[in-house]
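Chemist: Starting off with a structure, shown below.
The values are calculated or read from the model by the stated rules, or taken from the named source; none is laboratory data. These numbers come from a predicted model, not from an experiment. Glycine gets a Cβ as well: all are built from the backbone with ideal geometry, and neighbour counts include every protein chain shown.
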Amino acid sequence: MSVEIESRECVVRGDGGVVEQLVVNVGPSHPSTHGVCRVIVHLDGEVVTKAEPVIGYLHRGIEKMAENRTYLQVVPLTDRLDYVGSMYANWAYCRALERLAGIRVPERAEYLRVIVCEMQRIASHMMSLGSAAADSGAATMFIYAFDQRERIIELFEELCGARLTYNYVRPGGVSFDVPEGWVETALAFCRTHRAALTEMDRLYFGNVIARDRLKGVGVLSAADAVAWGASGPVARGSGVNFDLRKHDPYSVYPRFDFDVPTGSNGDCYDRARVRLFECYESCRILEQAIAQMEPGPFRTEGLPRLLAPRPGDAYDHIESARGSLGVYLVADGTPRPYRMKVRSPAFCNLALLPMLAEGHMLSDLVVILGSLDPVFGEVDR
Amino acid sequence: MALVDRLGQTLDSGSGGGIILTSVDALANWSRGKSLWAMPMGTACCAMELIAASFNKFDFDRHGTFPRPDPRHTDVMVVAGTITRKMAPAVKRLYEQMADPKWVIAMGNCAISGGIFYYDTYSVVRGVDEFLPVDVYIAGCPPRPESLQDGVLRLREIIATGSISPDRVREAVLTLPSSGAVSFGKRPGEGEAR
Amino acid sequence: MNIPELRDHLCAIHPDLCPLFSIEFGDGVLSVPCEKLYDAAADLRELGFDRLGMVTAVDHGTEFEMVYRLHSRSMSAAIFLKCGVSRDEPRVRSLVDLWPAALWQEREAYDMFGIEFEGHPDLRRILLPEGWEGFPLRKDYCDDRVVRRPDYI
Ligand code: SF4
């Protein structure tokens, strides 16, 4: 089931020669497909001539389910979308709902949201960097990265009691204020994390084998990135300077001083490196947010349990670890959404795989897939 | 394991076989239970906890359990995550590829019953036990890594009470739920229920 | 560029698109008849809307509403493009030749709503397995296997 040969066929090459083409099925349960992705690969020798992702193995119908839940009951469903970064979908959904229902969010809640989302970005990038490295054979990196991720998850657990499905960002605020001493632990984490990042940078990106595996593989041009709707580190790795936190600033992001790292070559190396540098920036934002946060209410009091926004539709988006994650909500005046659509960045990024993989070796396919960082809960929804 | 199983058959029918059978059982169970390699059938969020369980902090290796994503090398399939109708044939086929004796752990509410995806959805199989024989259920959404490790320890207890005698061997229920899913490129003679 | 500026800009360059423009919940919306969808999208692309963010549909019972979200980095503005298609014969022209991003997103809209995109090179189901019956996000989708959630709120 992991990798198996589907068929052999002969095709005539452009220059008149005949090659035997091998059609190989990778997945849907393959350790390096980051979930349940199946790729049907056409091979000429070891070179990929065509790669066709088959997705939908985790299509759970969340958009349909949302139509039969109240607005508040949808929040736990959004946790299960991007399960490597649950906070993002929570937040994107809440923003769309808040826009629709005209809910104002207290300032402290905005800061708390920024803090958890930046931590989530680090956690998510650690997962992505680690597993992408493990795919290319550098399993040590995974252990270093996972160590960092585990620390953040412990912080989240202290904050809201869950390790993975937080249900933390709620319409009108967040579910809990920070416990005592949490902020200090978070700041201490920032300090150790920077050192760990530098170490990982040397360990992995300084390694000549890793560089050879990543450089020049899966090159995505800036024009293609825009035309294909890529976002997040995938687009930024190609030099497209597009980050919603800067270019469509939401929440309290305009108050922070941070940079948007971009790559220049658009290969796997740049995409992975951009993720690493984003972690430094997240630390910066985290420290500023913690310093600026004032005491105050962390959620809007007196929100009715049955929200019934007036008919209309609203879209809002945030910058998740994978790119612009948007939620489109249509209301019809009842307490249930009429339609919810999740614009998932991973879905759009994964559509690039056939283009990127063509002409590379089969073993590079998993590296390219890893560099696109798909999370299948979000791809398939 | 075919040899051990045949041994069980012979011993069961012979006179006084029961005593020998018990000792052989003890030996077989001891050897089967100590080093359970896990086939991580991680599909969704629970897979993250499955990974967490096998890395640094929780360190699955100390229980002799090691995730090995190859069905031919593994003893226990850990189904972690939502199984959709599209995925179910693949899970079933992977299960069939595993060598006997084999066990299944259903990790997380989704694998137990569909969990949060029980109602209103058209594409989720409500529990992996609709088509696989499950030995241990671990509740949680997601269960903590410790729960998974506890589940593996429980499975060992179950194995310790098992027997190689044929009438005590579990019957695998290998019928797939009726679904619109295509069968998974089945080849002749393969994937039939045994 | 904020939304009123965007409207003025649009009206100055494209007077025929101007009356179709409206503002809903702070988003600029351009509602066009479906035959004009492709041309309007092409015009907007010329104007600098270089990213196609989202393609989806909403089942309003009487008709489907196609929703496209276009985004422009140079103007840092976004606009919704909407058009209604009949339920009996849901057909719209594909935007794949303007933005390849539509390739998968239109397949998804086909998969979930059964909307035929004319000119799409590869219109197949994407999330559901081949051979699935019906289009699940339609409001009248029936499936015996679905268990309805009991109606406690
Ligand atoms: S049980 Fe919960 S955490 Fe596990 S796969 Fe299902 S929804 Fe995700």
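Chemist: So, restricting to strands (runs of 3 or more DSSP E) that lie completely within the range C:9-69, which ones have at least 3 residues that are surrounded by 15 or more Cβ atoms within 10 Å (Cβ to Cβ) and at pLDDT below 85?
Modeler: On the way: elements: C:21-24, C:27-31, C:51-59.
The qualifying strands (runs of 3 or more DSSP E) are C:27-31.
Chemist: In addition: Can you name the residue in the range B:34-51 that is away from the ligand (no atom under 16 Å from the Cβ) and over 13 Å from the mean Cα position of the chain (by Cα) and, of all such residues, is farthest from the other protein chains (Cβ to nearest Cβ)? Even if it seems obvious, please write down each step before you answer.
Modeler: From the range B:34-51, those away from the ligand (no atom under 16 Å from the Cβ) are B:34-39; that's our starting set.
Now restrict to residues that are over 13 Å from the mean Cα position of the chain (by Cα): B:34-35.
Details: B:34: 24, B:35: 20 Å.
Across the range B:34-51, the extreme among qualifying residues is B:34.
Chemist: Considering every residue within the range B:52-72, establish whether at least one is within 10 Å of the ligand (Cβ to nearest atom), outside any loop (DSSP other than H, G, I, E, B) and either touching a His at 6+ places or on another chain (Cβ under 9 Å) or at pLDDT 85 or above (or both).
Modeler: no
Chemist: Could you check the range A:210-226 and list, in sequence order, the residues that are over 16 Å from residue A:368 (Cα atoms) and surrounded by fewer than 14 Cβ atoms within 10 Å (Cβ to Cβ)?
Modeler: Result: A:223, single match.
Chemist: From the list B:91, B:128, exactly one residue is within 16 Å of the ligand (Cβ to nearest atom), crowded, with 21+ Cβ neighbours inside 10 Å and under 22 Å from residue A:76 (Cβ atoms). Which is it?
Modeler: B:128
Chemist: Still on this structure, I have one more. Name every residue in the range B:53-69 that is farther than 25 Å from residue A:55 by Cβ and at the interface with another protein chain (Cβ under 7 Å from one of its Cβ atoms), in order of residue number. Steps first, answer last, please.
Modeler: Of all residues in the range B:53-69, those farther than 25 Å from residue A:55 by Cβ come to B:53-66, B:68.
Listed by number, the residues that qualify are B:55, B:56, B:57.
Chemist: Residue A:334 fails exactly one of the following numbered conditions: (1) over 16 Å from residue A:98 (Cβ atoms); (2) out of contact with any Phe, Trp or Tyr (no Cβ under 9 Å at 6 or more places or on another chain); (3) in contact (Cβ under 8 Å) with a residue 12 or more places away in the chain; (4) away from every other protein chain (no Cβ under 11 Å). What is the number of that condition?
Modeler: Going through (1) over 16 Å from residue A:98 (Cβ atoms); (2) out of contact with any Phe, Trp or Tyr (no Cβ under 9 Å at 6 or more places or on another chain); (3) in contact (Cβ under 8 Å) with a residue 12 or more places away in the chain; (4) away from every other protein chain (no Cβ under 11 Å) one by one, residue A:334 breaks only (4).
Chemist: Something else: Among the listed residues B:114, B:108, B:81, identify the single one that is within 16 Å of the ligand (Cβ to nearest atom) and more than 20 Å from residue C:129 (Cβ to Cβ). Walk me through it before giving the result.
Modeler: On the way: B:114 fails: more than 20 Å from residue C:129 (Cβ to Cβ); B:81 fails: more than 20 Å from residue C:129 (Cβ to Cβ).
From the options B:114, B:108, B:81, the qualifying one is B:108.
Chemist: Check residue B:137 against each of (1) surrounded by fewer than 19 Cβ atoms within 10 Å (Cβ to Cβ); (2) in a strand (DSSP E or B) and name the one condition it does not meet.
Modeler: With (1) surrounded by fewer than 19 Cβ atoms within 10 Å (Cβ to Cβ); (2) in a strand (DSSP E or B) applied to residue B:137, the lone miss is (1).
Chemist: With the structure loaded, tell me whether residue C:107 is within 10 Å of chain A (Cβ to nearest Cβ), assigned to a loop (DSSP other than H, G, I, E, B) and closer than 21 Å to residue A:348 by Cβ or whether it fails that test.
Modeler: Numbers: within 10 Å of chain A (Cβ to nearest Cβ): yes; assigned to a loop (DSSP other than H, G, I, E, B): no; closer than 21 Å to residue A:348 by Cβ: yes.
The answer is no for residue C:107.
Chemist: Scan the range B:106-124 and tell me whether some residue there is farther than 18 Å from residue C:147 by Cβ and outside any loop (DSSP other than H, G, I, E, B).
Modeler: Yes.
Chemist: Okay, next question. Is the range C:121-133 home to any residue that is closer than 14 Å to residue C:68 by Cα and either aliphatic (A, V, I, L, M) or more than 7 Å from every other protein chain (Cβ to nearest Cβ) (or both)?
Modeler: No, every residue in the range C:121-133 fails to be closer than 14 Å to residue C:68 by Cα and either aliphatic (A, V, I, L, M) or more than 7 Å from every other protein chain (Cβ to nearest Cβ) (or both).
Chemist: Okay, next question. Do you know which residues across the range A:209-237 are more than 20 Å from the chain's Cα centre (by Cα), within 14 Å of chain C (Cβ to nearest Cβ) and of a type in the set (A, V, I, L, M)?
Modeler: Within the range A:209-237, just A:223 meets the criteria.
Chemist: Moving on to the next point. Restricting the search to the range B:131-149, which residues are of a type in the set (Gly, Ala, Ser), within 17 Å of the chain's Cα centre (by Cα) and within 11 Å of the ligand (Cβ to nearest atom)?
Modeler: Correct list: B:139 only.
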